[in-house]
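What follows is a short report on a single structure.
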Amino acid sequence: MSIKNWTARKEQIMKQLPVGIEEFSQIIQDGYYYVDKTNIIKDLLDSGSKVTLFTRPRRFGKSLTMDMLKAFFKIGTAISLFDGLDIAKEKKLCEKYQGKFPVISLTLKDIDGIVFEDFINRLRVVISEEIACYDWLMDSGELTEYNKLQLNQLLLGRFDGAVDLQSSLKFLAKLLYKHYGKKVIVLIDEYDVPLDKAYQSGCYDEMVKFIRLFFGSLLKTNEYLSFAVLTGCLRISKESIFTGLNNFEVMGISDTNFSGYFGFTDCEVRDMLGYYGLGSKYMLFKEWYDGYKFGNTGIYCPWDVINQCKLLCGENEAPMKSYWINSSGNDIVKDILNGASANTREQIECLVSEESIKRVVNIDLTYADLKNADKIQKETYLWSILYITGYLTDAAKPSGKIHTLVIPNKEILEIYKEQILSWFNISAGHGSQWKQFCSAIENGNAAGAEEALNNIMPKCISIRDTYARKDMKENFYHGLLIGLMSCNDEWVVKSEQESGEGYPDILVKTAGDGTGCIFEIKYAENGRFDEACKEAMQQIKNKKYADILKQDGAGTIYLYGISFYRKSCKVVCRLEEMEK
């Protein structure tokens with residue numbers, strides 16, 4: 001079969017990839033590619049837990065799994081959705097449980113605000129929308145007139161009567177039980193987002209008090225509850241908001257049970273790539289998106305795999321890309337890294353050089369711990385946060401709380417170079433040396449820029465020369481300069497934008513005066529600064545990197561070659577000759 005005909009046939013029969021789709025029924029009914037995780041249903045039921053909390057990093061399929069659970073258990077959902085899936089083989093289980101329960105389901109991922117009242121208002125909207133799904137209970141013959149009067153108040157958004165906001169979902173569970181004669185299943189996705197956002201906004205204590213009563217009413221003192229499943233990123237200790245819950249089970253990233261249900265296993269990735277004719281790309285996917293360890297199971301980030309697979313289906317030679325960086329919550333990481341100590345800097349240097357470090361990891365860390373910690377304590381918590389949120393993973397089996405930590409894969413390594421290092425180095429910005437650096441750059445003062453940069457670099461994370469490849473070293477210094485230059489709000493800073501016959505490392509447009517700068521970065525092997533700078537300047541000239549600034553009408557263009565070795569640098573500059 002010709003390539004043309006094969007491509008046409010492929011377009012006719014290949015399932016689409018469900019990028020950004022978290023509704024299980026849509027994936028099944030519209031024929032999207034689905035990685036079967038339905039056996040989690042059997043394991044949940046076999047566990048017998050009243051409340052189960054799954055903690056995983058962002059973008060590992062938690063929301064889709066929760067919607068799948070809803071589709072399986074909820075009364076009235078089409079049974080045929082699960083035809084051909086793994087759980088359908090469990091005939092007796094399906095007969096007993098499928099489509100047999102009322103389900104209350106909500107996500108807290110959009111609960112945010114500046115002050116506590118903002119959070120409550122948004123939570124009121126989310127709860128109102130869930131209650132509105134059951135407005136037909138107003139016609140139920142099993143409810144008393146008083147029940148209907150209370151329900152009507154909630155449907156009108158009035159939570160200040162006999163049923164308040166904190167007890168509203170328990171009340172809904174009661175009505176569903178009276179109507180169906182069946183206890184309710186509760187599903188809460190991203191349960192910890194309000195606590196995370198409230199921590200950032202300074203109203204954490206108020207939010208904890210509210211959430212403790214809210215969950216207590218719904219999950220602890222609720223005689224109408226069959227069982228509940230919650231998902232989130234950070235594990236909140238039982239003592240903080242789940243006080244008094246019996247038969248409460250937490251399944252985190254170190255636990256072996258349920259370890260393969262969030263994220264893709266190696267076999268699942270191989271199958272997907274084979275299905276789309278991308279088997280030759282397997283090692284690239286493994287290098288970029290594999291490396292996570294949940295329990296004893298190796299895991300790929302599914303968000304990345306699906307997005308990159310879709311990209312390659314449209315353009316087979318497309319480069320590998322990073323997707324997770326724009327979807328992960330990272331405010332806590334940024335807060336701790338800003339102004340961290342030399343010891344922490346050294347540990348980050350080891351990680352960026354693809355070495356491992358041994359550190360204590362506390363998976364029961366709470367926002368209260370962070371809130372009440374001093375600077376030194378926060379730094380000890382850093383490794384736990386990086387581990388829990390997916391920035392680090394296990395390189396070996398943990399020994400108690402001692403974990404051997406590494407950066408999982410190339411994608412996360414890129415995030416360290418492009419984002420985390422710039423956060424760490426932000427304390428170097430806005431100081432006198434940084435101001436000197438910016439002023440020198442704007443005026444073509446190579447000596448001044450070199451002096452300032454050499455004074456800044458000892459305070460920043462560097463890359464360990466022993467192990468790192470040359471290209472990785474250059475990328476690191478590239479990221480360091482991007483971080484410093486991006487601190488200047490008046491500059492337009494672009495990385496590897498096409499210009500002339502190639503892609504200069506950094507392009508800067510300064511404010512107002514029509515000045516532009518081109519930067520080419522080289523690693524000076526064994527401290528050969530002059531040779532590396534000469535190579536950089538020759539590359540700028542040969543590839544005509546200044547063309548884009550000329551086309552944009554820049555009046556003055558400075559060309560910079562910068563060479564780095566360990567924590568030292570040399571800067572050379574030449575003024576580009578402009579056509580008269």
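Miscellaneous remarks
- Across the stretch 167-179, coupling constants 3J(HN,Hα) worked out from phi with the 6.51/-1.76/1.60 Karplus curve, θ = phi - 60°, read 9, 5, 6, 5, 5, 4, 4, 4, 5, 5, 5, 5, 6 Hz, and Gly and Pro carry x.
- Probing with 1.4 Å while keeping every protein chain in the model, the per residue accessible area of the stretch 153-209 equals 38 Å².
- Backbone amide hydrogens, once placed in the peptide plane, bring Asn362 within less than 5 Å of Ser384, excluding anything fewer than 5 places away on its chain.
- Per-residue 3J(HN,Hα) values for the stretch 280-297, derived from phi via the Karplus relation 6.51 cos²θ - 1.76 cosθ + 1.60 with θ = phi - 60°, read 5, 8, 4, 5, 5, 4, 5, 5, 8, 10, 8, x, 6, 10, 9, x, 9, 10 Hz in sequence order (x marks Gly and Pro).
- Short-range pairs are left out: with C-alpha atoms under 8 Å and at least six residues apart, the relative contact order of the chain is 11 percent.
- The value given for the stretch 196-279 is a Kirkwood hydrodynamic radius of 16.0 Å, derived from the mean inverse Cα-Cα separation.
- Computed accessible area, Ser432, all protein chains, 1.4 angstrom probe, square angstrom: 90
- Grouping the Cα pair distances of the stretch 365-421 into 5 Å bins from zero gives a pair-distance distribution of 4, 17, 23, 21, 19, 13, 2 percent in increasing distance order.
- Segment Thr256-Asn121, length gained on full extension (0.36 nm per residue, minus Cα span): 44.7 nm
- Taking every protein chain into account, the 1.4 Å probe leaves Thr77 with about 40 Å² of accessible area, to the nearest ten.
- Residue by residue, the stretch 15-26 carries 3J(HN,Hα) couplings of 6, 6, 8, x, 5, x, 9, 10, 9, 4, 4, 5 Hz when phi is fed to the Karplus relation 6.51 cos²θ - 1.76 cosθ + 1.60 (θ = phi - 60°); x denotes Gly or Pro.
- Amide H partners (placed H, <5 Å) of Asp112, local residues excluded: none
- FRET E, pair Glu315, Thr243, Förster distance 56 Å, beta-carbon r, rounded to 0.05: 0.60
- The figure for Asp164 is an accessible area of roughly 60 square angstrom, using a 1.4 Å probe on the protein chains alone.
- R0 of 60 Å, Cβ-Cβ distance Lys178-Asp489: FRET efficiency to nearest 0.05: 0.50
- Sparse-neighbourhood loop sites, GluC sites (Glu not before Pro) in the stretch 49-147 - DSSP loop, at most 13 other Cβ within 10 angstrom: Glu142
- Calculated diffusion of the stretch 59-170, Stokes-Einstein form, Kirkwood radius summed over Cα pairs, 4 °C and 1.567 mPa s, µm²/s: 79
- Principal axis analysis of the Cα atoms in the stretch 132-289 yields extents of 65, 39, 30 Å, listed in decreasing size.
- Qualifying lysines (Cα of each under 23 Å from Cα of Lys91; at least 8 residues distant if same chain): Lys37, Lys42, Lys70, Lys74, Lys100, Lys182, Lys183
- For the chain, the fraction of alpha-carbon pairs in successive 10 Å shells from zero, as %: 3, 15, 22, 22, 18, 12, 6, 2, 0
- Sulfur and carbon atoms: percent of accessible area, the chain [1.4 Å]: 46
- Applying both filters, DSSP loop and at most 13 other Cβ atoms within 10 Å, to the GluC sites (Glu not before Pro) of the stretch 231-323 gives Glu315, Glu317.
- Working value for the stretch 226-327: equivalent-ellipsoid semi-axes of 34, 14, 11 Å, each the square root of 5 times a Cα gyration tensor eigenvalue, largest first.
- Computed lengthening from Cys267 to Ala132, 0.36 nm per intervening residue step minus Cα-Cα distance: 44.4 nm
- Between Leu575 and Ala511, the simple spin-label model (points 7 angstrom out along Cα→Cβ) gives 2.4 nm.
- Annotation: amide H-H contacts under 5 Å for Ala228 (H modelled 1.01 Å from N, sequence separation of 5 or more, or interchain): Val51, Thr52, Val186.
The values are calculated or read from the model by the stated rules, or taken from the named source; none is laboratory data. Note that the coordinates shown come from a computational prediction; the quantities given were computed from them, not determined experimentally. Every residue, glycine among them, receives a Cβ derived from its backbone with ideal geometry; neighbour counts consider all protein chains shown. Please note that ligands, DNA and RNA were not included when accessible areas were found on the heavy atoms of the full protein model with its side chains. Shrake-Rupley method; radii C 1.70, N 1.55, O 1.52, S 1.80 Å.
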